Amino acid sequence: MSGNTFGHLFTVTTFGESHGPAIGCVIDGCPPGLELDIADIQPDLDRRRPGTSRHVTQRQEADQVEILSGVYQGRTTGTPIGLLIRNEDARSKDYSAIERTFRPGHADYTYWHKYGVRDPRGGGRSSARLTAPTVAAAAVARKWLKQAYGVQVRGRMSQLGSLAVPLTDWSQVPLNAFFAADASVVPQLEAHMDALRREGDSCGARIEVVADHVPAGWGEPLFDRLDADIAHAMMGINAVKGVEIGAGFASVAQRGSEHGDELTPGGFASNHAGGVLGGISTGQPLVVSIAIKPTSSIRLMRRSVDIDGAATDVQTLGRHDPCVGIRATPVAEAMLLLVLMDHALRHRAQCGDVRVTAPPIPGSLA
């Protein structure tokens, strides 16, 4: 009921606040026997962590993960896996000025109305820092899915503010701070972020995530559709305001003769559906895009009210990402991994023995 647990068979419960002693998660339902150590988890955390370039928050957190339980002699035991990440560079004094006021666009106002109390230090529980345990948990799912089914999940930034980022070379993604798949646009992205930082303002971003080698048949009708669960997961990421699967909103302008992906013995002729039909995977690449709003914590003075309802002005100081979307790619990958892990186990439980007469056709020909 409290909304801190994700999943059905592979569940992840996160805990902690931005400026508390530590953050972490408990993973339940991981199959036993998976070889697992810190080296399997830390690389994904390093991709997400703050302070990695001048374009993101300069909060210096090593984000070193600790495995507290659920692993014995290097293998998962099937019991809950406890992961802990200690907070080492919190500066709570930066938030003393907003203890009695609400930042426009932030969760301050809604948390106060829901709970009657809030932690103003870095947003407390609503902080994007709480995506770190999710990324850590998803690293476990990433390894199991790769070993069991060959599933590969990768993401990229496809737009920064008004600047489109083309997909030209996936190998470029880990080589720049923007997770951009086109090295030629990186200088333009850097200039845009430098200007935003000087102005004290922020911008949004669009992230695309693709899952390859997902078997046909994962997903459940009607309300546990694979695409419905993906949308639910992506909307659980801080600052996400929109989710598209496949053609997404562009399908409004398409005709049925264009949008419907034709089937041939050699594969699907296109992938406007984004790898999902009727809520069940087709065996094509799963293609998901998310829209991330501009960072709410900015230096520009904004109008607001205090906890007594009186008018006031708010300026948010401290260390913040001018675009939270820059570090969102590993987070979007993580949520897709968690959905796929959960559905893989659910499919195995009910339909693991199902065999059809004809093998699945190959993925998209496009």
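The values are calculated or read from the model by the stated rules, or taken from the named source; none is laboratory data. Please read all numbers here as calculations on a predicted model, not as lab measurements. For neighbour counting, all protein chains shown are included, and Cβ atoms are generated from backbone atoms with ideal geometry for every residue, glycine included.
Taken together, Gly150, Gly161, Gly204, Gly155 contain a single residue that is in contact with a Cys (Cβ under 6 Å, 6 or more places away or on another chain) and at pLDDT 90 or above, which is Gly161.
What's the number of the only condition in (1) surrounded by 20 or more Cβ atoms within 10 Å (Cβ to Cβ); (2) out of contact with any strand residue (DSSP E or B) (no Cβ under 8 Å at 6 or more places or on another chain) that Gly219 fails to meet? Tallying (1) surrounded by 20 or more Cβ atoms within 10 Å (Cβ to Cβ); (2) out of contact with any strand residue (DSSP E or B) (no Cβ under 8 Å at 6 or more places or on another chain), Gly219 fails exactly one: (2).
Annotation: of all residues in the range 98-146 being small (Gly, Ala, Ser) and more than 30 Å from Glu66 (Cα to Cα), the one that is modelled with the highest pLDDT is Gly116.
Within the range 218-257, the set of residues being under 19 Å from the mean Cα position of the chain (by Cα), among the aliphatic types (A, V, I, L, M) and assigned to a helix (DSSP H, G or I) comprises Leu226, Ala228, Ile230, Ala231, Ala233, Met234, Met235. The criterion of being buried (at least 21 other Cβ atoms within 10 Å of the Cβ), among the hydrophobic types (A, V, I, L, M, F, W, C) and part of a helix (DSSP H, G or I) holds for Val135. Of all residues in the range 70-85, those satisfying the criterion of being touching a strand residue (DSSP E or B) at 6+ places or on another chain (Cβ under 6 Å) and under 13 Å from Ala137 (Cβ atoms) are Gly70, Pro80, Ile81, Gly82, Leu83, Leu84, Ile85. Where residues in the range 110-127 are among the small types (Gly, Ala, Ser) and in a helix (DSSP H, G or I), which of them is surrounded by the fewest Cβ atoms within 10 Å (Cβ to Cβ)? Only one residue fits best here, namely Ser126.
Residues checked against (1) under 28 Å from the mean Cα position of the chain (by Cα); (2) assigned to a helix (DSSP H, G or I); (3) touching a residue at least 24 places away in the same chain (Cβ under 8 Å); (4) buried (at least 16 other Cβ atoms within 10 Å of the Cβ):
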position	(1), (2), (3), (4)
Ser270	yes, no, yes, yes
Ala332	yes, yes, yes, yes
Asp353	no, no, no, no
Ile361	no, no, yes, yes
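Pairs meeting the criteria (first residue in the range 108-126 and more than 19 Å from Asp321 (Cβ to Cβ), second residue modelled with pLDDT of 85 or more and part of a helix (DSSP H, G or I), beta carbons under 6 Å, at least 6 apart or on different chains) are Arg118/Tyr111; Arg118/Trp112. Put simply, of Val288, Val339, Val305, Val324 the only residue that is touching a residue at least 12 places away in the same chain (Cβ under 8 Å) and more than 23 Å from the chain's Cα centre (by Cα) is Val305. Residues in the range 180-206 that are of a type in the set (A, V, I, L, M, F, W, C) and under 17 Å from Thr168 (Cβ atoms): Ala180, Ala181, Ala183, Val185, Val186, Leu189. With (1) under 23 Å from His8 (Cβ atoms); (2) surrounded by fewer than 16 Cβ atoms within 10 Å (Cβ to Cβ); (3) of a type in the set (Ser, Thr, Tyr) as the list, and Thr76 as the residue in question, which single condition is left unmet? Unmet for Thr76, out of (1) under 23 Å from His8 (Cβ atoms); (2) surrounded by fewer than 16 Cβ atoms within 10 Å (Cβ to Cβ); (3) of a type in the set (Ser, Thr, Tyr): (2).
Can you tell me which residue is surrounded by the fewest Cβ atoms within 10 Å (Cβ to Cβ) among those in the range 197-216 that are part of a helix (DSSP H, G or I) and either polar (S, T, N, Q) or touching a residue at least 60 places away in the same chain (Cβ under 8 Å) (or both)? The selected residue is Glu199. Restricting Asp169, Asp194 to residues that are within 26 Å of Arg142 (Cα to Cα), of a type in the set (Asp, Glu) and either surrounded by 14 or more Cβ atoms within 10 Å (Cβ to Cβ) or out of contact with any His (no Cβ under 6 Å at 6 or more places or on another chain) (or both) narrows the list to Asp169.
Number of residues in the range 289-313 that are buried (at least 16 other Cβ atoms within 10 Å of the Cβ), of a type in the set (A, V, I, L, M) and modelled with pLDDT under 85: the value is 1.
If the condition is being out of contact with any strand residue (DSSP E or B) (no Cβ under 6 Å at 6 or more places or on another chain) and closer than 17 Å to Ile67 by Cα, then the range 16-32 contributes Pro21, Pro31. Restricting attention to the range 257-286, the residues that are at pLDDT 95 or above, among the β-branched types (Val, Ile, Thr) and over 16 Å from Leu340 (Cβ atoms) total 0.
Every listed requirement among (1) surrounded by fewer than 21 Cβ atoms within 10 Å (Cβ to Cβ); (2) touching a Pro at 6+ places or on another chain (Cβ under 7 Å) is met by Lys146 save one, (2).
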